[in-house]
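Down below is the structure, laid out as structure tokens.
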Amino acid sequence: MQLYHTPHSHFSRKVRILLEGLGIAVELVNAGDTARQEPSRFGHSPLLRVPVLRDGEDWVFDSDVISAHLVRTRDPADRFGVLRHDLPGLNARSVMNGVMAAEVELILAARTGLDTRGQPRFDKARQVIAAGLAWLEGQEALFAGEPDYLSFHLVCLWEHLHRYGHFPPLALPQLARHAARVGELPIVAATRAA
Ligand SMILES: N[C@@H](CCC(=O)N[C@@H](CS)C(=O)NCC(=O)O)C(=O)O
């Protein structure tokens, strides 16, 4: 099994934490700069993004689809709640994915030479990050239980925003507490980029 990723990719890290939690060995293939366009970097995914999973003959695109595939094929008990169906949990997942995607837009725009300051399109991305985090703070009870896929997702988002300087000037005490707690888990620490 191979996972195309980058060490800092927050979307890839969700999958890597799940792999650690499930005790599944994987060969990590570093795609390098995700702003590049060579399909081979991305396992020939037409989306030109990581993560991409190669599982035998199967190629799987998108972090949550990869995670669902891993659980369906290897963890019928779904111990980390990847296949959950409750609306609050699914909405929180959508909001976290949206915040992470908005951050990717800002990072890759800057990396490819665009000045994002004062541009309405990128101001909207910053607004999505701030509004998404504030919304998630109001849903913090979702992260309060035993560590699960939703809380893995949170810690990936949280640490990435801090690392890249896109964390908005907001006090989010409950999310901060949950992210710190989950961040201490060995399976989470094992996936933290140097
Ligand atoms: N919806 C995708 C998003 C993946 C994504 O945006 N990955 C970033 C790296 S964290 C990427 O490869 N971006 C390249 C690009 O947008 O051109 C998923 O959940 O896997």
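Points worth noting:
- Single unsatisfied condition, L70 versus (1) of a type outside the set (D, E, K, R); (2) near the ligand (Cβ under 8 Å from one of its atoms); (3) surrounded by 20 or more Cβ atoms within 10 Å (Cβ to Cβ): (2)
- Test for H166: is it outside the structural domain of H10 (by TED's automatic domain parsing), under 11 Å from the mean Cα position of the chain (by Cα), within 22 Å of A179 (Cα to Cα) and touching a residue at least 40 places away in the same chain (Cβ under 8 Å): no
- Positions within region 137-176 being farther than 16 Å from S9 by Cα and among the small types (G, A, S), in sequence order: G138, A141, A144, G145, S151, A171, A176
- Per the conditions (1) in the same structural domain as L161 (by TED's automatic domain parsing); (2) closer than 23 Å to L175 by Cβ; (3) more than 15 Å from the ligand (Cβ to nearest atom), the sole criterion not satisfied by G81 is (1).
- Test set (1) of a type in the set (A, V, I, L, M, F, W, C); (2) surrounded by fewer than 17 Cβ atoms within 10 Å (Cβ to Cβ); (3) within 22 Å of V188 (Cβ to Cβ); (4) in the same structural domain as E140 (by TED's automatic domain parsing) - L108 fails condition number: (3)
- Boolean, S94 is outside the structural domain of L150 (by TED's automatic domain parsing), within 20 Å of the chain's Cα centre (by Cα) and within 16 Å of C156 (Cβ to Cβ): no
- Here the helices (runs of 4 or more DSSP H) wholly within region 116-194 that include at least 3 residues being surrounded by 15 or more Cβ atoms within 10 Å (Cβ to Cβ) are 120-138, 149-163, 173-183.
- Criterion violated by G43 - all others in (1) more than 15 Å from the ligand (Cβ to nearest atom); (2) over 22 Å from S94 (Cα atoms); (3) in contact (Cβ under 8 Å) with a residue 40 or more places away in the chain satisfied: (1)
The values are calculated or read from the model by the stated rules, or taken from the named source; none is laboratory data. Note that the structure is predicted; figures quoted are calculated from it, not measured. Neighbour counts run over all protein chains shown; Cβ positions are idealised from the backbone, glycine included.
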